[in-house]
Amino acid sequence: MNEIFNIQTEADFQQKCLETFQYQYNNIEVYRKFVDYLNINHNDIQEVEKIPFLPIEMFKNHTILDQNRKTDLYFQSSGTTQMNLSKHWISDEKLYQESIQESFEQFIGKAEDYIFLGLLPSYLEKQNSSLIYMVDFLMKKSGKAENGYFLYNHAELFEILKELSKQNKKVILFGVAFALLDFLDFAENNHHIIESSDQLVIIETGGMKGRKQEMTKDELLNIFHKGFGTDKIYSEYSMTELLSQAYSLGQNIYDCPNWMRILIRNTEDPFSYVEDGRNGAINIIDLANRHSCSFIATQDLGRIQTESEIFRGAQNDNEIFTKPFQVLGRIDHSDIRGCSLLVS
């Protein structure tokens, strides 16, 4: 197992971040040029909060890859053919697989215990999707004959869910948000009732992108609760440029595995951070991104919960503490000041 999956303490995490930063500065040309452009002496970085975070837009125009590695495998962001899509080159496929398995087992359970169904039409219709790779991997680990994907064949999915419910089998339905809503519309329009089952888990992966009327995440989750008749409405948060996943087991509150961390930067000043409980832009540390970039400034808005909200915390330096967070949407570009220099 890669050593990042053995991180147990906050001190371990901090040390691994600083070591990863130095490695990536020395071995990833685009990241080194970015740090140098900011006039930052890499040898002066002694705190995780001082590490420069690479704007996620850089993946659209640059090959961000360890100079010691070569690969033909890459993941590409979703979007229309006219869009400039991000590319994430993957030189250590096994590391990605370990990250998928370790985080899934930490938050959900053993893949072997579940049947996996995928309602991911927009991703299935395009190549090089990291999400499809992840679900494929979990299906292979599961090894269940009933595993399968669905595009727009809602009637078939309804019948399979109905049959698996009768058999009292444990099922995980991975679904992009708009497709799950389409499926519930189909069921309602055809007077189909999805029978409630404590064996059914829905994992929504985001992905409205103008396909449906905009709504809050809470509104979306409430629709899924009622439509699927289960309290197990979970969410997965990741992206093409990452190799790790955060999971929410309800209420739009996400947790990271120990090798991943969320920081919330000030939208007015991309080099400073806001206090817990305040809204800002999401920076992500993903130590599984060893041969790409582990420090990424996203265009998502988020908020880290305060200790009074979560009623738990690190008691000493020997406990690792990854604070739960919320995803609040996308940044309005008009609100970003000072970020233009980061992507020039």
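The values are calculated or read from the model by the stated rules, or taken from the named source; none is laboratory data. Only a predicted model underlies this, so the values are computations on that prediction, with no experimental measurement involved. All Cβ positions, even for glycine, are placed from backbone atoms using ideal geometry, and neighbour counts span all protein chains on display. Side chains included, ligands, DNA and RNA excluded: accessible areas come from the protein's heavy atoms. Shrake-Rupley method; radii C 1.70, N 1.55, O 1.52, S 1.80 Å.
Values for this structure:
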{"read-out": "Relative contact order (percent, whole number), the chain, Cα cutoff 8 Å, 6+ residue spacing", "value": "19 percent"}
{"read-out": "Segment 66-200 - Kirkwood radius from inverse mean 1/r over Cα pairs (Å)", "value": "16.6 Å"}
{"read-out": "Flagged links, alpha-carbon separation over 27 Å, of K16/K144; K140/K170; K169/K323", "value": "K16/K144; K169/K323"}
{"read-out": "For segment 271-292 and segment 61-138, distance of Cα centres in Å", "value": "20 Å"}
{"read-out": "Probe 1.4 Å, all protein chains present, accessible-area order of W259, W89, largest first", "value": "W89, W259"}
{"read-out": "In degrees, nearest ten, helix 10-27 long axis to first principal axis of the chain (Cα)", "value": "70 degrees"}
{"read-out": "With all protein chains modelled, accessible area of H225 [1.4 Å, Å²]", "value": "60 Å²"}
{"read-out": "Where segment 116-274 is the region considered: accessible area per residue in Å², 1.4 Å probe", "value": "44 Å²"}
{"read-out": "Expected 222 nm ellipticity per residue - DSSP helices of 4 or more, -39500 (n - 2.57), all of the chain, to 500", "value": "-9500 deg cm²/dmol"}
{"read-out": "DSSP-defined antiparallel bridges as percent of all bridges, the chain, nearest 5", "value": "60 percent"}
{"read-out": "Accessible area in the full protein assembly, largest first, 1.4 Å probe, for D300, D198", "value": "D198, D300"}
{"read-out": "Charge dipole magnitude, Cβ of K and R +1, D and E -1 - segment 44-149, Cα centre, debye nearest 20", "value": "380 debye"}
{"read-out": "Radius, Kirkwood style, for the chain when every pair of distinct Cα atoms is counted (Å)", "value": "21.1 Å"}
{"read-out": "Efficiency of FRET between D218 and E47 - r from beta-carbon atoms, R0 51 angstrom, step 0.05", "value": "0.90"}
{"read-out": "By average C-beta atoms within 10 angstrom, highest first, the peptides 122-128, 260-266, 239-245", "value": "239-245, 260-266, 122-128"}
{"read-out": "Charge dipole (debye, nearest 20) of the chain; +1 at Cβ of Lys and Arg, -1 at Cβ of Asp and Glu", "value": "660 debye"}
{"read-out": "Exposure of T9 as accessible area (Å², to 10), given a probe of 1.4 Å and all protein chains", "value": "30 Å²"}
{"read-out": "Mean separation of Cα contacts under 8 Å (6+ apart) over length of segment 110-193, as relative contact order %", "value": "44 percent"}
{"read-out": "Signed unit charges on C-beta, dipole axis of the chain, positive-most listed residue L73, N279, L243", "value": "L73"}
{"read-out": "Accessible surface of V48 - all protein chains present, 1.4 Å probe, nearest 10 Å²", "value": "0 Å²"}
{"read-out": "C-alpha long axis of helix 154-166 to longest principal axis of the chain, angle in °", "value": "80 degrees"}
{"read-out": "Of all accessible heavy-atom area on segment 45-176, the percent that carbon and sulfur account for (1.4 Å)", "value": "46 percent"}
{"read-out": "Nearest-ten-degree value, helix 130-142 long axis tilted from longest Cα axis of the chain", "value": "60 degrees"}
{"read-out": "Kirkwood Rh and Cα Rg combined as Rg over Rh, evaluated for segment 135-215", "value": "0.96"}
{"read-out": "Residue order for Y234, Y149 - accessible surface, 1.4 angstrom probe, largest first", "value": "Y149, Y234"}
